Amino acid sequence: MFELSLLFQIIVSVSVFIVWTFRYDNVETEFKEFGYSNLLRNIVGALKISSSTLLIAGIWYTDLIIFGSISMSFFMLCAQISHFKIKNAVIKFLPSLIFLLMSLYITAFNCGYIS
């Protein structure tokens, strides 16, 4: 189970980092569709990249994992609500849903709910 949690940490953190740096044009489009401000988009981006950094740093400093995984879970839940709010197709919900489930698994494992 440790290996799965570690794998999820890497997948979530690297994927979120890539989306918010190299695929930023997609992020801009989505936030416009959601009706959110540029300021909110930039704040969310900085916090998601910070959460990704905490997940990666958690490989060596395990106390950081909980902060990264809980905050990432929160952001992915917010993404689900945003997609639902504008009635997006399921295919648009899927990435954040998968990352939400992975982040919740990381949290549960590192809190001792899964052994």
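Which ones in segment 1-29 are within 20 Å of Leu101 (Cβ to Cβ) and in contact with a Phe, Trp or Tyr (Cβ under 9 Å, 6 or more places away or on another chain)?
Answer for segment 1-29, where residues must be within 20 Å of Leu101 (Cβ to Cβ) and in contact with a Phe, Trp or Tyr (Cβ under 9 Å, 6 or more places away or on another chain): Met1, Phe2, Leu4, Ser5, Phe8, Ile11, Val12, Ser15, Val16.
For segment 2-21, state whether one or more residues are farther than 23 Å from Ser69 by Cα and either among the aliphatic types (A, V, I, L, M) or touching a helix residue (DSSP H, G or I) at 6+ places or on another chain (Cβ under 9 Å) (or both).
No, there is no match, as no residue in segment 2-21 is farther than 23 Å from Ser69 by Cα and either among the aliphatic types (A, V, I, L, M) or touching a helix residue (DSSP H, G or I) at 6+ places or on another chain (Cβ under 9 Å) (or both).
Can you work out which of the residues in segment 68-115 that are farther than 19 Å from Phe34 by Cβ, in a loop (DSSP other than H, G, I, E, B) and touching a residue at least 40 places away in the same chain (Cβ under 8 Å) is nearest to the chain's Cα centre (by Cα)?
Here the answer is Cys111.
Collect the residues in segment 17-58 that are touching a residue at least 12 places away in the same chain (Cβ under 8 Å) and among the aliphatic types (A, V, I, L, M), keeping them in residue-number order.
Residues satisfying the conditions are Val27, Val44, Leu47, Ile49, Leu54, Leu55, Ile56.
Looking at Ser51, Ser69, which is the one that is touching a Gly at 6+ places or on another chain (Cβ under 7 Å), at pLDDT 95 or above and surrounded by 11 or more Cβ atoms within 10 Å (Cβ to Cβ)?
Criteria check complete, one pass: Ser51.
The values are calculated or read from the model by the stated rules, or taken from the named source; none is laboratory data. This structure is a prediction, so every number in the text was calculated from the model and none was measured. Glycine gets a Cβ as well: all are built from the backbone with ideal geometry, and neighbour counts include every protein chain shown.
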